[in-house]
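Enquirer: The structure is given below, and queries will be raised subsequently.
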């Protein structure tokens, strides 16, 4: 197996709905395991997600969990997930799905470097960048 780099997201109890949302956006196979399935007997954590994995047909991997016992959840603004490529139709479709219920910081439009680019925050507070590359001569 090759090494891979992928985002791992942490949610304050909304991991299940967030990952189901991302599966609707990107498709693919979603597997989720609860804290109870990993042996935690705390009833408050029984249905909370200890580990979720979304693997898409496009080769994306997204992992997530609910905040583990004894840890605090601190939403951060120091990470964004970037989607880039030249399949404008697919990237625009993902953009449209991500901004539904979210906020747009930079509209997806042509930028000074020639590509279409935009930034948004989805309904779960995760920051996204979308860059549609323009063929270069």
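Every number here is computed from the coordinates shown, using simple stated rules; none is lab data. Remember, predicted model here, so these are calculated numbers, not experimental data.
Enquirer: Running a GNM on the chain with Cα contacts under 10 Å, which residue among 87, 115, 66 ends up with the highest mean-square fluctuation?
Expert: Result for the chain, Cα springs under 10 Å: 87 fluctuates most.
Enquirer: How high is the relative contact order of the chain, in percent, with contacts defined as C-alpha pairs under 8 Å that are six or more residues apart?
Expert: Once divided by the residue count of the chain, the mean separation gives 20 percent.
Enquirer: Let me ask something else about it. Counting each pair of different Cα atoms once, what's the Kirkwood radius of the range 71-112 in Å, rounded to one decimal?
Expert: 12.6
Enquirer: Right, another one. Suppose we keep just the alpha-carbon trace of the chain; what are its Rg and Dmax in angstrom?
Expert: Cα-based Rg and Dmax for the chain come out at 16.6, 60 Å.
Enquirer: Shifting gears a bit: Counting each DSSP H run of 4 or more residues in the chain as -39500 (n - 2.57), what helix-only mean residue ellipticity at 222 nm follows after dividing by all residues, to the nearest 500 deg cm²/dmol?
Expert: Dividing the helical sum by the residues of the chain leaves -5500 deg cm²/dmol.
Enquirer: With axes computed from alpha carbons, what is the tilt in degrees of helix 88-99 against the longest principal axis of the chain, rounded to the nearest 10 within 0 to 90?
Expert: The two axes meet at around 50 degrees.
Enquirer: Determine Rg/Rh for the range 8-66; Rg is computed over alpha-carbon atoms and Rh is the Kirkwood hydrodynamic estimate from the same atoms.
Expert: Computed over Cα atoms, the ratio is 1.01.
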